[in-house]
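Have a look at the structure below before the remarks.
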Amino acid sequence: MAEVSLQNISKSFGESKAVRNLTLTIRDGEFVVLLGPTGAGKTTTLRLIAGLEKPDTGRVTIGGQDMAGAAPAGRDVAFVFQQYSLYPHLTVYENLAFPLRSPARRLSADEIDRRVREVARMVRIDHKLENRSTRLSGGEMQRVAIGRALVRKPSIYLMDEPLSSLDAKLRGELRLELKRIQSELGSTLLYVTHDQIEAMTMADRIGILNDGELIQLGTPREIYSNPVNLHVAARLGQPHINLIPEGLVPGGQPPSGTKTIGARTEHLEIHAGNGTANAEIDWIEHLGDQSHLHLRIAGHKLVTLANPYVPVKPGDKIKLTLKDPLYFGSDGQRLV
Amino acid sequence: MMPPIAVAIPIYLMYRQLGLSDTALGMILLYTAVNVSLAVWLLKGFIDEIPREYEEAAMIDGYTRLQAFRKVVLPQATTGIAATAIFCLIFAWNEYAFAVLLTSGSAQTAPPFIPTIIGEGGQDWPAVAAGTTIFLVPILVFTILLRKQLLRGITFGAVRK
């Protein structure tokens, strides 16, 4: 394990700038998640660290050593790809042993066997070691792919949306497993996703990427509670944050210059409309344990969560107030 | 890929000059040269089908580019290589125009030879039938030997898309 550092990295593909002046340090033993939409530069960042791409400017250092000119094999990183993850002509066992059999390592057959079996147990695939890698379910394939990274003890694990092609239940399970394995091994891990739940649940720190730029870096709590701008605020929270013009909903003390107010569920208070109603319930989505309330206020639509037993129905008038929402200026920056 | 007859005259003159006319070496060189373009074209298609990620994964796993190609790309390209080998064999085996032009006795191939059986004293149909049957055998054997690789093409593409 080692500290990995990116300094002022930029990378363009033709006209398009994939990564712009990115500076990021992943501390030894830390789990960092890069969160951003498609095309934000997440995958490119991983590929730059792995040496599959060369940065136009800037430096990548792993364990304090400059990696300029080092081939992927010489960087001691492990990569989990989003798809095409397993070598189809090999068995599960051979897939797991593949990195250990590389000429760069030269381990004895006993040592390889021991480590393959150990990791197979860890990712719970030890009952299928002799299967062809193509005869596995999606979840098993992805577990093997993660196992193939874990079988080595690299400086850093790089994971590119490893769970995104799986169904929701399996994703939840593997998310927990991955976090457990990472904290057990104390590994340094850089994980890329567009799934806010993965980011919130696994990360020690989250980096929000947009359009090749790192917009904010911080703990999940910080990113959620103190977003620096509208973009970051909109990345997290379910249902999606409500962005409403200043003055639409009473309550709160907007600082001067406030243009937009960001209101999540916890920033909206609903009172039974007793003559002072300012909003109307448009629609209710019952999710079972909770409900999504779709509200309409002066032509604007808002969504918030509510207890399913709140006695309201579509068409009801209610009173809506704000409680410590997020304030944003006309440039989209947060105002405190 | 062009019709052989278009280059027949220059090649005939060149071979006469170099002393390659009617030699096995001359025919091997010629068929190799003509097949290379076809083989490269076909193999490129097959190799392009293999996702780059496999090669990249192997390079990160500690292999050089060449080792990654040998360990990961080549095993997955066996189907394509088998199919290409059969195409090339059939082309060289069946080729008629160059063979007629450049060989007469010592390096003559079957396609120009078999019809000459007819020419000698009427039609010796049994000999022609036997000749063509024997002519088929090597292709048949080769295809049977490679059928495993060719069949694997059906189960190929074990990646989730």
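Tabulated results
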{"read-out": "Only Lys, Arg (+1) and Asp, Glu (-1) charged, at Cβ; the protein assembly as shown dipole about Cα centre in debye", "value": "500 debye"}
{"read-out": "Which of A:Leu243, B:Leu13, A:Leu230, A:Leu46 has the fewest Cβ neighbours within 10 Å, and the rest in rising order", "value": "B:Leu13, A:Leu243, A:Leu230, A:Leu46"}
{"read-out": "Acute angle (nearest 10 degrees) that the helix A:168-185 long axis makes with the longest principal axis of chain A, alpha-carbon atoms", "value": "60 degrees"}
{"read-out": "Sequence-separation-based contact order of region A:242-335, relative, with Cα cut under 8 Å and 6+ spacing, percent", "value": "39 percent"}
{"read-out": "In order through region A:69-82: 3J(HN,Hα) via Karplus (6.51 cos²θ - 1.76 cosθ + 1.60), integer Hz, x for Gly, Pro", "value": "x, 7, 6, x, 5, x, 9, 6, 10, 10, 10, 10, 7, 5"}
{"read-out": "10 Å Cβ neighbours from other chains, averaged over peptide B:61-72", "value": "6"}
{"read-out": "Amide proton proximity set for A:Val80, modelled H, under 5 Å, gap of 5+", "value": "A:Leu158, A:Met159, A:Asp160"}
{"read-out": "18 Å Cα-Cα reach of A:Lys179 towards lysines, excluding residues that sit fewer than 8 places from it in its own chain", "value": "A:Lys153, A:Lys169"}
{"read-out": "Loop-located GluC sites (Glu not before Pro) in region B:16-111, at most 16 other Cβ atoms within 10 Å (DSSP)", "value": "B:Glu49"}
{"read-out": "Three-way shape label, the protein assembly as shown, alpha-carbon gyration tensor, a/c 1.5", "value": "prolate"}
{"read-out": "Dipole magnitude of region A:173-283, debye to nearest 20 (Cβ charges: Lys/Arg +1, Asp/Glu -1, about Cα centre)", "value": "200 debye"}
{"read-out": "Note, ³J(HN,Hα) from phi for region B:90-107, Karplus 6.51, -1.76, 1.60, rounded to Hz, x at Gly and Pro", "value": "4, 4, 5, 5, 8, 4, 10, 4, 5, 4, 5, 6, 9, 10, 9, x, 5, 10"}
{"read-out": "Top positive-direction residue, dipole computed over chain B with Cβ charges, set B:Phe98, B:Val34, B:Tyr12", "value": "B:Val34"}
{"read-out": "Highest-first arrangement of A:1-10, A:310-319, A:111-120, where packing means the average Cβ count within 10 Å", "value": "A:1-10, A:111-120, A:310-319"}
{"read-out": "Likely footprinting exposure, B:Leu102, A:Leu174, A:Leu189, fewest C-beta neighbours within 10 Å first", "value": "A:Leu174, B:Leu102, A:Leu189"}
{"read-out": "Within-11-Å neighbourhood charge of A:Val77 [Cβ basis; K, R +1; D, E -1]", "value": "+1"}
{"read-out": "Net dipole in debye of region A:56-207 [+1 Lys, Arg Cβ; -1 Asp, Glu Cβ; about Cα centre; nearest 20]", "value": "320 debye"}
{"read-out": "Qualifying lysines (Cα of each under 22 Å from Cα of A:Lys301; at least 8 residues distant if same chain)", "value": "A:Lys259, A:Lys313, A:Lys317, A:Lys319, A:Lys323"}
{"read-out": "Computed over chain B: relative contact order in percent, which uses C-alpha pairs under 8 Å that are six or more apart", "value": "27 percent"}
{"read-out": "For region B:37-48, Karplus couplings with θ = phi - 60° (6.51, -1.76, 1.60), whole Hz, Gly/Pro x", "value": "4, 5, 5, 4, 4, 5, 5, 4, x, 5, 5, 4"}
{"read-out": "Degrees between helix B:110-119 axis and first principal axis of chain B (Cα, 0 to 90, nearest 10)", "value": "20 degrees"}
{"read-out": "5 angstrom amide H check on A:Arg264, placed H, neighbours 5+ away", "value": "A:Asn242, A:Leu326"}
{"read-out": "Sorted by Cβ neighbour density within 10 Å, fewest at the top, the residues B:Phe69, A:Phe81", "value": "B:Phe69, A:Phe81"}
{"read-out": "Folded to 0 to 90 degrees: helix A:138-150 orientation relative to chain A principal axis, Cα", "value": "60 degrees"}
{"read-out": "Ratio Rg/Rh, restricted to region A:242-335 and using Cα atoms, in which Rh is the Kirkwood radius", "value": "0.99"}
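Where a number appears in this text, it was derived from the coordinates with a stated rule and is not lab data. These figures come from a predicted structure and were not determined experimentally. Note: ideal-geometry Cβ built from the backbone for every residue, glycine included; neighbour counts use all protein chains shown.
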